[in-house]
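Only one structure is covered here, and it is reproduced in the block below.
The values are calculated or read from the model by the stated rules, or taken from the named source; none is laboratory data. In this text, all values refer to a predicted model and were calculated from it rather than measured experimentally. As a convention, Cβ positions derive from the backbone with ideal geometry for all residues, glycine included, and neighbour counts pool all protein chains shown.
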Amino acid sequence: MNQSLLSEQNTTESLANLLLKVAQEDRLAFSELYEATHRKLFGIVYRILKNQAASEEVLQEVYLKIWEKAESFDASVASPITWMATIARNRTIDEVRKNKLPDSDVDVDFDLIADDSMTPDDSFTKSRDLLKLEACLAELESPRAEMIKAAYLDGFSRQELAERFEQPLGTIKTWLHRSIKQLQGCMNL
Amino acid sequence: MNNNEEISINTLVAEYVLGTLDKDERDAVEARRVNDPVLDQAIVNWQAHLAGLNDYVQDAEPRKDLFNDILAKLDQRIDNKAMNDKSLHDTLMSTAAASSAVVVEMEAMRIKLKRWRFSALGASAIAACLAIFMVVKPPIAPSIQANAPFVAVFQADDKQPAFIMSLDIETRQLTVRPVTAQGQAAGKTYQLWIKADEIGPTPRSLGLLANVSTPIQKQINYDPAVIRHATFGISVEPAGGSPTGVPTGPAIHGRLYPTSL
């Protein structure tokens with residue numbers, strides 16, 4: 001699959017069409033939807049869980065949920081890939097907050113993660129959403145933008161953020177709340 | 001609601017979407033969301049705000065056969081649902097709500113047919129080209145559909161149907177005419193089946209369709225009302241027919257529908 005297609009308008013439309021068919025229990029459409037999106041969704045899940053088997057387990061549930069909820073997809077509220085990514089993140093965060101997962105496959109190298117998170121996947125044209133968000137994140141005092149990204153992309157809890165950024169928990173809470181308030185003001189402009 | 005409370009709700013929602021809330025806090029937000037459209041809208045807004053970050057995530061590859069596992073779990077859920085529907089069916093029948101029960105039954109058939117249509121793509125070539133097309137004279141019923149024929153279409157894909165089956169429901173004479181169906185390989189044959197609750201829990205054989213080069217006529221000795229609502233099927237069986245008395249090979253099933261409203 002050519003991954004860059006995901007950012008193109010016609011693909012958004014075809015994904016929306018596929019979701020429409022999935023809502024009518026069309027398994028062929030479901031198969032096509034999986035083929036077109038599973039690498040992206042698995043990337044989201046795996047980045048948080050950092051464990052192949054656990055991520056595969058969660059991905060199954062994510063697609064079953066997509067099958068069940070396809071009927072409620074509303075193209076005027078979210079793009080198909082955003083809608084599916086939200087389902088994937090929600091399920092994954094639930095999982096990671098629910099219990100301690102088996103040891104991750106990789107030793108988490110925080111520096112590596114920080115570097116990685118600075119560069120969007122090159123095969124994707126930066127979405128308008130991301131451009132706006134980046135502009136707003138750039139206004140945050142360092143290293144709060146990195147903290148927001150680490151929370152969203154790596155699923156770090158407040159405690160994990162405290163360890164990652166070597167700050168007391170209370171400071172992390174304050175950073176989070178102030179960053180949220182600032183982002184809210186910036187994004188709604 | 002005072003200003004501080006609004007701010008704290010917004011912060012709570014943003015942290016929910018970011019994922020930094022602990023389990024209890026997450027559960028509380030999700031429980032509250034169901035009955036709180038304002039909270040729900042705030043969540044949707046924050047999801048839209050932050051969704052761009054997903055562009056940072058690099059694609060990753062799960063194991064190759066994962067989708068098959070997803071389909072297997074889906075089947076399991078549908079089967080569980082069908083079992084629940086079946087008990088609902090029984091309940092409804094006993095409370096004289098027969099028409100609703102028929103809808104449930106038909107829905108279950110529809111799900112099964114869809115499942116078949118999908119799995120047939122990967123199944124044998126025999127199954128993939130097998131399709132029935134039935135045209136049936138109307139039952140003797142005083143309805144506005146009196147002159148409309150009934151039809152059932154069961155196809156694995158967009159190809160021509162393999163068979164046309166017509167049924168004179170008054171004389172109960174069945175005619176199966178091959179269209180694109182090919183003769184079976186040595187040692188295999190087509191077998192025709194009928195299934196209806198009134199007849200029993202398993203399909204009953206209507207005989208073999210041994211020679212598919214000419215139309216085949218069969219007499220069906222069941223009540224027209226049963227035939228009208230029965231499920232028909234054609235399966236691929238060993239020469240001589242199913243050794244077990246029930247379909248053993250790839251099969252498709254279908255029911256009768258009026259051709260006009």
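Meeting the requirement of 2 or more residues that are more than 7 Å from chain B (Cβ to nearest Cβ) and modelled with pLDDT under 85, the helices (runs of 4 or more DSSP H) wholly within the stretch A:75-189 are A:110-117.
Kindly evaluate B:R63 against the criterion of being more than 7 Å from chain A (Cβ to nearest Cβ) and either assigned to a helix (DSSP H, G or I) or under 37 Å from the mean Cα position of the chain (by Cα) (or both). No; evaluated as a whole, the condition is false for this residue. Selection of the stretch A:19-28 for residues being within 14 Å of chain B (Cβ to nearest Cβ) and hydrophobic (A, V, I, L, M, F, W, C) yields A:V22, A:A23, A:L28. Looking at B:V38, B:V29, B:V44, just one residue is surrounded by fewer than 13 Cβ atoms within 10 Å (Cβ to Cβ), assigned to a helix (DSSP H, G or I) and in the same structural domain as B:N10 (by TED's automatic domain parsing), and that residue is B:V38.
The set of residues in the stretch A:37-50 that are more than 9 Å from chain B (Cβ to nearest Cβ) and within 18 Å of A:A150 (Cβ to Cβ) comprises A:L49, A:K50.
When the stretch B:199-220 is filtered for residues that are closer than 18 Å to B:G245 by Cα and loosely packed, with under 14 Cβ neighbours inside 10 Å, the ones remaining, listed by number, are B:G200, B:P201, B:T202. With respect to the conditions (1) part of a helix (DSSP H, G or I); (2) surrounded by 14 or more Cβ atoms within 10 Å (Cβ to Cβ), B:Q76 falls short on a single one, namely (2).
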